[in-house]
Protein chains: 4
Amino acid sequence: MDTKAMEMMFENLKPIYEKMIPFNKYLGIKIDSISTNGVVVRIDMRDDLIGNFAKNILHGGVISTILDFTGGVIAHIHELNEMKNASMDKLAKRLANTGTIDMRIDYIRPGKGSYFLATGHILRLGQRVAVTRTELVNDEGVLIAVGTSTYIVG
Amino acid sequence: MDTKAMEMMFENLKPIYEKMIPFNKYLGIKIDSISTNGVVVRIDMRDDLIGNFAKNILHGGVISTILDFTGGVIAHIHELNEMKNASMDKLAKRLANTGTIDMRIDYIRPGKGSYFLATGHILRLGQRVAVTRTELVNDEGVLIAVGTSTYIVG
Amino acid sequence: MDTKAMEMMFENLKPIYEKMIPFNKYLGIKIDSISTNGVVVRIDMRDDLIGNFAKNILHGGVISTILDFTGGVIAHIHELNEMKNASMDKLAKRLANTGTIDMRIDYIRPGKGSYFLATGHILRLGQRVAVTRTELVNDEGVLIAVGTSTYIVG
Amino acid sequence: MDTKAMEMMFENLKPIYEKMIPFNKYLGIKIDSISTNGVVVRIDMRDDLIGNFAKNILHGGVISTILDFTGGVIAHIHELNEMKNASMDKLAKRLANTGTIDMRIDYIRPGKGSYFLATGHILRLGQRVAVTRTELVNDEGVLIAVGTSTYIVG
């Protein structure tokens, strides 16, 4: 696959990530941008996502959901980069086989904000396991939480 | 507080946990039972909570949400047991101050089932920090996931 | 392999665990007992293993070393149980391939004691990954620390 | 304290970290550099620290020991930065009270090298808890492992 084909593939993945995972859709998790270089995942604050009513902050479960997902997409991107010449079938199968083994979330500051953005990077992409570090910031760029997750791949 | 008063207090906490945390309500997280000895938390499967459409399994984010919450309730129960003679105001303030510092989730088996139950126990209740281990099983008692979480208390 | 052969194999593994891993030997980590049902790992307190001189407690690094090792042995035991009829060569290769992917340690109480014992159980043994929970107690049975670790296997 | 006094204090802390923690001394853990901006911790490879004899790699327990320690020193540095005008007694008491609550270690690549360096940064310094992320690289700058740890402070 050349660069343009890769870009197209990522464009095509976007709606899949947003619509084919029912719980992501339910929460309103969106792909802000995705390319061979990385991903920015976004969620907009709304009442249903609040954990502490008095303090009006994002529920920790929303945070762990978005960081787990972000790490998984990062693993996907790196798998796709390594499999540029594989058939679409093989790529699809590989992506479908990714699954979270374990995850650590650190809640750094209360999740205040009108929207939140998650990014991250890969630490390791092996034949069987991928490891990522992720971060969530609010609309002012304040660090809200970080994650480290391990995924089955391949 | 005597045993009966404690029981009543836990009965009163039940609707608070279910209705006052908007995201718990949105997901349909329920307190199956709660007492001075522990808690059973329940969630019923439904389409919105699915992570993998093809495999019809619970989203990892739902699992981390319920295990984080379960650990928090366990910390509460142990704090209440230690503060039996405190005023309602002090108790309420103490509960409101509990917050997750960090959490590890291990996804053991795919989340298949019509409902899921979470339980756990306390590992440590200090003046400043509580640590819990939690487990999620499906309607057949199969272990789906485990959690370890650290909470700020006091 | 029949039960007796399994028992003999575990007896043979004991000195390997104790002598062939230089850092284990350096710290004085011993296999108290090992069988198809599980393992008890032991370490005796001595000055070199102290973390806090004033408080005379075991260093956290010793604790994480022993819990990581204990989880690895538990993974081995379960792999061996599943491979009873494999050749010695295959077994040896499989054991040598086990490696820690990640680990969480929770330090519950200060490590005071004249010796410490570690045990644990398996949460998951897949084709590629094993997950274990472990515990360390002191000579009075007081819980000092717990671990959760993920290993590459196979 | 002015900048020069701070520098002197860090110089004075160096031998304390290296000599007063028996297990650190036993392993040969050294402070390569320390200042108000951060710390570099170093360990030299030697036979006693090997985990896998055949592969000649650093034992995972050495890695978790050094990353736990590095995170603790980072927490100290940030506490000292915030307490510049406190008395020496208060500072000493505060440092002595730091303790690891929990830690996650991710083993990224086999620990091959003649020496290893650990660094890190603070994610959160609260009144009661500090959270750090740390990294270990070998003598060629290759990432060997990362850690995330939570400490009691104050």
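May I ask you to derive the relative contact order of chain C, considering only C-alpha pairs under 8 Å and at least 6 residues apart, and to give it as an integer percent? Working shown, then result.
Numbers: 291 pairs, mean separation 34.8, N = 154.
Relative contact order, chain C: 23 percent.
Could you size up the charge dipole of the protein assembly as shown around its Cα centre, putting +1 on the beta carbon of Lys and Arg and -1 on that of Asp and Glu, and report it in debye to the nearest 20?
Working: 72 positive and 68 negative charges, 0 e Å.
I would put it at about 0 debye.
List the GluC sites (Glu not before Pro) in the range D:81-143 that DSSP assigns to loop (not H, G, I, E or B) and whose Cβ has at most 10 other Cβ atoms within 10 Å. Which are they? Let's see the in-between values first.
Numbers: sites: D:Glu82, D:Glu135, D:Glu140; in loops: D:Glu140.
Taking the range D:81-143 and a limit of 10 other Cβ atoms within 10 Å, the loop GluC sites (Glu not before Pro) found are D:Glu140.
Please compute P(r) over all alpha-carbon pairs of the range A:33-91, binned at 10 Å starting from zero, and give each bin as a whole-number percent.
Once binned at 10 Å, the Cα pair distances of the range A:33-91 give 20, 35, 24, 14, 6, 0.
So how compact is the range B:66-154: Cα radius of gyration and Dmax in angstrom?
Both quantities, over Cα of the range B:66-154: 14.3, 44 Å.
State the Cα centre-to-centre distance between the range B:10-47 and the range D:1-79 in whole Å.
Cα centroid to Cα centroid, the span is 45 Å.
Only helices at least 24 Å long along their own axis, judged from Cα atoms, and with Kyte-Doolittle mean hydropathy of 0.0 or greater: name those in chain B from DSSP H. Can you show the working numbers first?
On the way: long enough: B:3-19 (25 Å, -0.63); B:60-82 (33 Å, 0.63).
TM-like helix candidates: B:60-82.
Within 13 Å, Cβ to Cβ, of A:Asp106, how many net charges do the neighbouring residues add up to if Lys/Arg are +1 and Asp/Glu are -1?
Details: positive: A:Arg104, A:Arg109, A:Arg133, B:Arg104, C:Arg104, D:Arg104, D:Arg124, D:Arg133; negative: A:Glu135, B:Asp68, B:Asp102, D:Asp102.
Local charge sum for A:Asp106: +4.
To the nearest whole number, what is the average tally of beta carbon atoms from other chains within 10 Å of the beta carbons of peptide B:129-138?
Working: counts 6, 0, 6, 1, 4, 0, 1, 0, 0, 0.
Average neighbour count from other chains, rounded to a whole number: 2.
Taking each pair of distinct Cα atoms in the protein assembly as shown once, what is the resulting Kirkwood hydrodynamic radius in Å? It would help to have the intermediate numbers written out before the result.
Details: mean 1/r = 0.0397 Å⁻¹.
One decimal place: 25.2 Å for the Kirkwood radius.
Can you give the Kirkwood hydrodynamic radius of the range A:1-62 from its Cα pairs, in Å with one decimal?
Numbers: mean 1/r = 0.0754 Å⁻¹.
In the range A:1-62 this quantity evaluates to 13.3 Å.
How much mean residue ellipticity at 222 nm does the protein assembly as shown get from its helices, if each DSSP H run of length 4 or more adds -39500 (n - 2.57) and you divide by all residues, to the nearest 500 deg cm²/dmol? Please list the in-between numbers first.
Details: 16 runs with 224 residues, N = 616.
Value at 222 nm, helices only: -11500 deg cm²/dmol.
With unit charges on the beta carbons (Lys and Arg positive, Asp and Glu negative) and the dipole taken about the Cα centre of the range A:78-154, which residue among A:Leu123, A:Leu136, A:Gly147 sits farthest to the positive side?
A:Leu123
Would you mind giving the mean number of other chain beta-carbons within 10 Å of the Cβ of each residue in A:16-23, as a whole number?
Working: counts 0, 0, 0, 1, 3, 6, 10, 12.
What the average comes to for A:16-23 is 4.
If I model a spin label as a point 7 Å beyond the Cα along the Cα-Cβ vector, how far apart are those points for D:Thr3 and C:Lys93 in nm?
6.1
Over the residues of the range C:3-152, compute the C-alpha Rg and express it relative to 2.2 N^0.38 Å.
Numbers: Rg = 15.3 Å, N = 150, 2.2 N^0.38 = 14.8 Å.
Dividing the Cα Rg of the range C:3-152 by 2.2 N^0.38 Å gives 1.04.
Lysine pairs in the range B:1-148 8 or more apart or on different chains: how many have alpha carbons under 24 angstrom apart?
Taking the range B:1-148 as the scope, the lysine pair count is 20.
None of the figures in this text is laboratory data; all of them are computed from the coordinates on show. Predicted model, so just to flag it, every value in this text is computed and none were measured. Here Cβ is always computed from backbone atoms with ideal geometry, including for glycine, and neighbour counts include all displayed protein chains.
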